[in-house]
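Each remark here refers to the structure printed beneath this line.
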Amino acid sequence: MAKLGNGIAVIPSARVRSIESDYPQDSDYRENNDFFYLTGLETPGASLVLVARKDGRNQAVLYLPARDTVAEKWTGPKLGPEPEATRLTGIEDVRAASRAAAEIPRYGAPIRMESLEGKIAALRLVKDGDEIARLRRAITITTNALDQAMGAVRPGMWEYELEATIEYGFRRHGAERLGFPSIIGSGPNGVTLHYDKNRRKMQPGDLVVQDVGAEFGYYTADVTRTIPVSGRFTERQRAVYDLVLATQQAAIDAVRPGTDLPALNRVARDYMREHSGNLCGAATCVSYFTHGLSHWLGMDVHDVGSFGAKLQPGMVLTVEPGIYLPAEGLGIRIEDDVLVTPEGHEILSSGAPRKATEIEQFMVHKVP
Ligand SMILES: [Mn+2]
């Protein structure tokens with residue numbers, strides 16, 4: 001309401017997708033993030049109306065579709081415009097959605113229209129305790145699944161088998177869905193940043209890039225671990241891996257209130273440039289670090305919020321340097337999820353080992 005000042009916001013819920021006409025990944029309903037952020041509800045056909053007035057007589061109205069007993073025989077009970085909705089949301093004024101079209105124009109004559117996206121994005125950028133608890137849960141589910149994957153991976157396994165192992169771990173521990181399609185890129189597929197076909201048979205000596213995230217309570221993790229399929233890095237793989245890891249650590253060390261994502265990106269690239277030696281040939285390895293270092297993380301994997309915003313406690317970002325050498329079929333990315341705290345930062349995804357020796361120790365007893 002404070003961000004609106006004087007105006008009316010209409011936030012519709014998401015529509016139900018059709019498996020025939022939309023070809024969704026799956027047929028479940030996922031709520032519009034901004035609607036969920038403001039209401040905590042999953043209700044197709046609903047709208048939230050916020051009316052902010054200069055005199056402070058603010059109004060919040062939740063429009064919910066009437067219950068349909070015939071439809072409920074197929075898809076189960078739904079929340080209707082009744083007192084239960086007030087109890088769940090804290091919104092006193094709940095009305096039937098059939099009234100919305102006639103009533104919304106009466107809240108006031110619009111002088112100009114603008115998108116609400118930026119205003120809600122600014123709110124979503126700084127997470128509260130409940131949001132951070134959801135993120136922690138999503139991230140713990142993800143790192144546990146990556147630990148399982150480390151125990152399961154072996155030469156001869158297909159990428160999709162490793163994908164299935166990880167996603168089984170997600171679902172088994174309560175994740176509602178994936179935050180994004182799982183990237184399981186072995187050998188040469190590791191250099192394709194968003195490779196998600198996952199159809200190659202993994203070979204002895206390969207590395208496999210696993211970039212995955214469980215979604216829990218509408219918040220998603222985004223963690224990448226690159227591991228040797230045979231359980232040990234080659235000397236060459238280890239040298240490149242250690243540079244990516246040290247670059248990531250330099251950037252993570254710089255995360256604190258007051259800095260920003262462009263500054264962290266510079267820290268990472270400066271570090272990698274200075275420590276490349278001749279590891280990547282004539283050019284420095286920065287030439288093969290072909291994506292950004294960080295993005296915001298939250299309800300969306302690439303969460304909303306201004307890229308240039310100054311870091312403050314409660315923001316959550318990824319730190320994910322990589323080096324991709326197509327000529328060698330060698331791709332390495334390490335990605336962690338980092339919470340900005342008053343003192344500096346906390347790595348939320350430290351449940352999955354990152355150091356090469358820790359990964360090898362973890363795998364040594366599990367790989368035949
Ligand atoms: Mn990411």
Original post:
What FRET efficiency do you get for Ser306 and Ala282 if R0 is 35 Å and r is their Cβ-Cβ distance, rounded to the nearest 0.05?
Top reply: 0.40
Subject >> Helix-only mean residue ellipticity at 222 nm for the chain, each DSSP H run of n ≥ 4 adding -39500 (n - 2.57), per residue, nearest 500 >> reply: -9500 deg cm²/dmol
Original post:
Stretched out fully, how many nm does the piece from Glu114 to Arg266 gain, at 0.36 nm a residue minus the Cα gap?
Top reply: 51.3 nm
**OP:** Find how many whole Å separate the alpha carbon centroid of the stretch 141-158 from the alpha carbon centroid of the stretch 260-276.
**Re:** 30
Original post:
What dipole magnitude, in Debye to the nearest 20, does the chain give about its Cα centre under +1 on Lys/Arg Cβ and -1 on Asp/Glu Cβ?
Top reply: 300
Original post:
What number comes out for the charge environment of Tyr63, summing +1 per Lys or Arg and -1 per Asp or Glu over other residues with Cβ under 11 Å away?
Top reply: 0
Original post:
When Lys and Arg each count +1 and Asp and Glu each count -1, what net charge do the other residues less than 15 Å away from Arg95, Cβ to Cβ, add up to?
Top reply: -2
Original post:
Put Thr140, Thr165 in order of accessible area, largest first, 1.4 Å probe: what do you get?
Top reply: Thr140, Thr165
Subject >> Hydrodynamic radius by Kirkwood, which averages 1/r over all alpha carbon pairs of the chain, in angstrom >> reply: 22.6
Original post:
Whole-Hz Karplus ³J(HN,Hα) for the stretch 351-364, in order, using 6.51 cos²θ - 1.76 cosθ + 1.60 and θ = phi - 60°, x for Gly and Pro?
Top reply: x, 10, x, 10, 6, 4, 5, 5, 4, 5, 5, 4, 8, 4
**OP:** Ratio to report: Rg/Rh of the stretch 222-368, with Cα atoms as the point set and Rh obtained by the Kirkwood method; give two decimals.
**Re:** 0.98
Original post:
Solvent-accessible area per residue for the chain at a 1.4 Å probe radius, Å²?
Top reply: 48
Subject >> Charge context of Gln203, other residues only, Cβ under 15 angstrom, K/R +1, D/E -1 >> reply: +1
Original post:
In whole Å, what are the Cα extents of the stretch 7-114 along the three principal axes, biggest one first?
Top reply: 47, 30, 25
**OP:** Between Asp147 and Lys73, take the C-beta separation as r, use R0 = 56 Å, and let me know the FRET efficiency to the nearest 0.05.
**Re:** 0.85
Subject >> Stretchable slack from Met157 to Arg87, in nm (0.36 nm times residue separation minus alpha-carbon distance) >> reply: 20.2 nm
**OP:** Could you check the simple spin-label distance between Glu103 and Leu123, using points 7 Å along Cα→Cβ, in nm with one decimal?
**Re:** 1.9
Original post:
What is the Cα coordinate range of the stretch 201-303 on the first, second and third principal axes, sorted by size from largest, in whole angstrom?
Top reply: 39, 35, 20
**OP:** Read phi for every residue in the stretch 303-311 and hand back ³J(HN,Hα) as whole Hz from Karplus 6.51 cos²θ - 1.76 cosθ + 1.60, θ = phi - 60°, with x for Gly and Pro.
**Re:** 6, 5, x, 5, 5, x, 4, 6, 5
Original post:
How large is Rg/Rh for the stretch 124-277, to two decimals, with Cα atoms and a Kirkwood Rh?
Top reply: 1.00
Original post:
How much solvent-accessible surface does Asp206 expose, in Å² to the nearest 10, with a 1.4 Å probe and all protein chains in place?
Top reply: 20
Original post:
Just the accessible area for Met1, please: 1.4 Å probe, Å², rounded to the nearest 10?
Top reply: 80
Original post:
Around Ser186, which amide H atoms from residues at least 5 apart in sequence, or from another chain, sit under 5 Å from its own amide H, with H modelled in the peptide plane?
Top reply: Val209
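Packing-wise, with mean Cβ within 10 Å as the measure, how do 79-85, 332-338 rank, highest first? Write down the numbers at each step before the final one.
Working: 79-85: 15.4, 332-338: 24.0.
Highest to lowest by the protection proxy: 332-338, 79-85.
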Original post:
What are the ³J(HN,Hα) values, in whole Hz, obtained from phi via the Karplus relation 6.51 cos²θ - 1.76 cosθ + 1.60 with θ = phi - 60°, for each residue of the stretch 128-139 in sequence order, with x given for Gly and Pro?
Top reply: 8, x, 5, 5, 5, 4, 5, 4, 4, 5, 4, 6
Original post:
Sequence-distant or interchain residues sharing an amide H contact under 5 Å with Met315, placed H: which?
Top reply: Lys127, Val340
Original post:
How much length is gained if the chain between Arg236 and Ala66 is pulled fully straight, taking 0.36 nm per residue apart and subtracting their Cα-Cα distance, in nm to one decimal?
Top reply: 54.8 nm
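The values are calculated or read from the model by the stated rules, or taken from the named source; none is laboratory data. Here the structure is a predicted model, which is why all the values come from computation and not from measurement. Neighbour counts are summed over all protein chains in view; Cβ atoms, including those assigned to glycine, are modelled from backbone coordinates with ideal geometry. Please note that ligands, DNA and RNA were not included when accessible areas were found on the heavy atoms of the full protein model with its side chains. Shrake-Rupley method; radii C 1.70, N 1.55, O 1.52, S 1.80 Å.
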